[in-house]
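Participant: Input: one structure, supplied below.
The values are calculated or read from the model by the stated rules, or taken from the named source; none is laboratory data. It should be emphasised that the depicted structure is a prediction, and the values quoted were computed from it without experimental measurement. With ideal geometry, Cβ positions are generated from the backbone for all residues, glycine too; neighbour counts draw on all protein chains shown. Ligands, DNA and RNA are stripped out before the accessible areas are found, and what is left, the full protein with its side chains, is counted by its heavy atoms. Shrake-Rupley method; radii C 1.70, N 1.55, O 1.52, S 1.80 Å.
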Amino acid sequence: MKRFYWTHPDVLETEVEVKAAMNCSVTIVPILFHPDEGGQPADKGTIGEATVCNVDVVDGRIVHTLDRPLADGKHIARIDKQHRLYTATQHTAQHIVSGIAQSQFGLSTTGVHIGLEKCTVDFDKRTDWDTAAELERLSMEVVTLDVPVETVFNDTDVRMRNDSDPIEADVIRVVKIGGYDKSACCGAHLGTTGQVGVIRILGIESKKKGSRVTFLAGMRALAYSQLETSVLRELRKAAGCSTSELPMLLRKALDRASELSKEIERLWSLLLPGLAESAQIVEVESVKIGIQVAEIPNPLLAKLAATIAEAVGGVGIAVSDLNIAVRSAGGTATDILARIQNVAGGKGGGSSQAANGKLGKALTSDEIAAALKNVAR
Ligand SMILES: [Zn+2]
């Protein structure tokens, strides 16, 4: 079943013959709308007064789901130009990238996804960032040469690039971009490679035994590059260095931050015995409970509670801001935490020997002691 956009990619508005399928679904001749297939999203637009909500391939027919019923007969169909321009630009760029990847790097395309935010091409082998950068440069050369994107029918030498793509047996449509790419494809494309404007490869990741390359083309690629440039500019200003110096400077800063955090932890751990010693002690049901409320780093809270528990030979409670840790060799940690949270609210849990949580409001050590005593009575 031939599609109108295969041979007339620039025609986005024309009279069509509408035939109702069921409820709000119709088929049209000629086939102006690209359906959701082959990794390319469906076209948007209108047929007569109706808005096209979905375009799907159903049992070999292209069915348009509308927002209202439409009478059989002739209507004007209009494609959403911006949406088609976006999908056709990304899809044409993908042909260029896949063609160059195959001929120059022996990477066969195994999957394609034209997303509304980003697009991906999957290759059968692993590749690296240097290859991706060269692939980007060579693809841009094809863009600048403004090569026509042609449609050829029933060229039986050409296999479909992605075997899972639905394609009708009655006609094989082959897309040919000069000597750069030749592949069977149902999609909607631009007229020439020059209309793509820009191709940017944004990332690469391993995917099973192959690799997935993320890319964007056209104005969306420019917008993405502008965002990255503005982020880099901010980073250069903050760090007072050039772009190429940024990775080294950031690594140094992260290493330094990690060293300092270890040093802070070491210094705090020297203070823990003193904090344990100055803990307020209460005796509840003949169990000694030590309570310390102090501003200490969260990772040390459990250590302080354990130090207090050991020092008093009972239960240790350490609170910093709204964070609380309870340690109890006697197995009452969750019970003690629940008693305090009866007064303060909050959430948390753990085991009978070690419980951690957050309080709903800040409490002093006197208030914690009162809360434990009140419940005990
Ligand atoms: Zn295509």
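Participant: Could you list, in sequence order, all residues of segment 4-24 that are open to solvent by 20 Å² or more (accessible area, probe 1.4 Å), under 20 Å from PRO69 (Cβ atoms) and part of a strand (DSSP E or B)? Working first, answer last.
Facilitator: The initial filter retains those residues of segment 4-24 that are open to solvent by 20 Å² or more (accessible area, probe 1.4 Å), namely 4, 7-15, 17, 19-24.
Right, trim to under 20 Å from PRO69 (Cβ atoms) and you get 15, 17, 19-24.
The answer is GLU15, GLU17, LYS19, ALA20, ALA21, MET22.
Participant: OK, next. Exactly one condition in (1) free of Cβ contacts under 8 Å to residues at least 12 places away in the same chain; (2) exposed (fewer than 15 other Cβ atoms within 10 Å of the Cβ) is not met by PRO299; state its number.
Facilitator: (1)
Participant: With a cut-off of at least 1 residues that are outside the structural domain of VAL198 (by TED's automatic domain parsing) and free of Cβ contacts under 8 Å to residues at least 60 places away in the same chain, name the strands (runs of 3 or more DSSP E) lying wholly within segment 49-164.
Facilitator: Details: elements: 50-58, 61-66, 73-79, 109-114, 119-123, 149-153.
In segment 49-164, 50-58, 61-66, 73-79 are the strands (runs of 3 or more DSSP E) which contain 1 or more residues that are outside the structural domain of VAL198 (by TED's automatic domain parsing) and free of Cβ contacts under 8 Å to residues at least 60 places away in the same chain.
Participant: Shifting gears a bit: For the structure I just gave you, tell me whether ALA294 is surrounded by fewer than 21 Cβ atoms within 10 Å (Cβ to Cβ) and out of contact with any Gly (no Cβ under 9 Å at 6 or more places or on another chain). Even if it seems obvious, please write down each step before you answer.
Facilitator: Numbers: surrounded by fewer than 21 Cβ atoms within 10 Å (Cβ to Cβ): yes; out of contact with any Gly (no Cβ under 9 Å at 6 or more places or on another chain): yes.
Yes.
Participant: For GLU265, indicate whether it is out of contact with any Lys or Arg (no Cβ under 6 Å at 6 or more places or on another chain), surrounded by fewer than 17 Cβ atoms within 10 Å (Cβ to Cβ) and modelled with pLDDT of 95 or more. Break it down into steps so the answer makes sense when it comes.
Facilitator: Working: out of contact with any Lys or Arg (no Cβ under 6 Å at 6 or more places or on another chain): yes; surrounded by fewer than 17 Cβ atoms within 10 Å (Cβ to Cβ): yes; modelled with pLDDT of 95 or more: no.
Criteria not met by GLU265.
Participant: Further question: At least 2 residues that are touching a helix residue (DSSP H, G or I) at 6+ places or on another chain (Cβ under 7 Å) and away from the ligand (no atom under 16 Å from the Cβ) in each: list the strands (runs of 3 or more DSSP E) lying fully within segment 175-237 that qualify.
Facilitator: Details: elements: 181-184, 199-207, 210-217.
Result: 199-207, 210-217.
Participant: Separate question: Can you spot a residue in segment 57-65 that is within 30 Å of THR192 (Cβ to Cβ), out of contact with any strand residue (DSSP E or B) (no Cβ under 9 Å at 6 or more places or on another chain) and exposed (fewer than 12 other Cβ atoms within 10 Å of the Cβ)? Walk me through how you get there before you give the answer.
Facilitator: Within segment 57-65, the first condition is being within 30 Å of THR192 (Cβ to Cβ), and the residues that meet it are 57, 62, 64.
Pick out the ones that are also out of contact with any strand residue (DSSP E or B) (no Cβ under 9 Å at 6 or more places or on another chain) and you get none.
No, that holds for no residue.
Participant: I would also like to ask the following. State whether the residues of segment 287-301 include one that is of a type outside the set (Phe, Trp, Tyr), in the same structural domain as LEU372 (by TED's automatic domain parsing), closer than 25 Å to ASN374 by Cα and part of a loop (DSSP other than H, G, I, E, B).
Facilitator: Taking every residue of segment 287-301 in turn, at least one turns out to be of a type outside the set (Phe, Trp, Tyr), in the same structural domain as LEU372 (by TED's automatic domain parsing), closer than 25 Å to ASN374 by Cα and part of a loop (DSSP other than H, G, I, E, B).
Participant: To continue, here is another question. Condition (residue is under 23 Å from ILE264 (Cα atoms), in contact (Cβ under 8 Å) with a residue 24 or more places away in the chain and not in a helix (DSSP H, G or I)) applied to segment 332-343: is it met by at least one residue?
Facilitator: So the first thing to find is which residues in segment 332-343 are under 23 Å from ILE264 (Cα atoms), and the list is none.
Checked segment 332-343: no residue is under 23 Å from ILE264 (Cα atoms), in contact (Cβ under 8 Å) with a residue 24 or more places away in the chain and not in a helix (DSSP H, G or I).
Participant: Across segment 306-335, which residue is nearest to GLY349 (Cα to Cα) among those that are more than 41 Å from the chain's Cα centre (by Cα) and of a type outside the set (Gly, Ala, Ser)?
Facilitator: Result: ASP335.
Participant: Here's something else I'd like to know. Inspect segment 312-319 for any residue being out of contact with any strand residue (DSSP E or B) (no Cβ under 7 Å at 6 or more places or on another chain) and either at pLDDT 95 or above or open to solvent by 40 Å² or more (accessible area, probe 1.4 Å) (or both) and give the result as yes or no.
Facilitator: no
Participant: Next up: Sort out which residues of segment 341-359 are more than 13 Å from ALA325 (Cα to Cα) and at pLDDT 95 or above, and write them in order of number.
Facilitator: None; the set is empty.
Participant: Also, quick follow-up: Can you find a residue in segment 308-321 that is over 20 Å from LYS373 (Cβ atoms) and part of a strand (DSSP E or B)? Break it down into steps so the answer makes sense when it comes.
Facilitator: So the first thing to find is which residues in segment 308-321 are over 20 Å from LYS373 (Cβ atoms), and the list is 310-311, 320-321.
Then drop every residue that is not part of a strand (DSSP E or B), which leaves 320.
So far as segment 308-321 goes, yes, one or more of its residues are over 20 Å from LYS373 (Cβ atoms) and part of a strand (DSSP E or B).
Participant: Ok, one more. Take segment 80-101 and flag every residue that is within 14 Å of the ligand (Cβ to nearest atom) and not hydrophobic (A, V, I, L, M, F, W, C).
Facilitator: Within segment 80-101, ARG84, THR87, THR89, GLN90, HIS91, THR92, GLN94, HIS95, SER98, GLY99 qualify.
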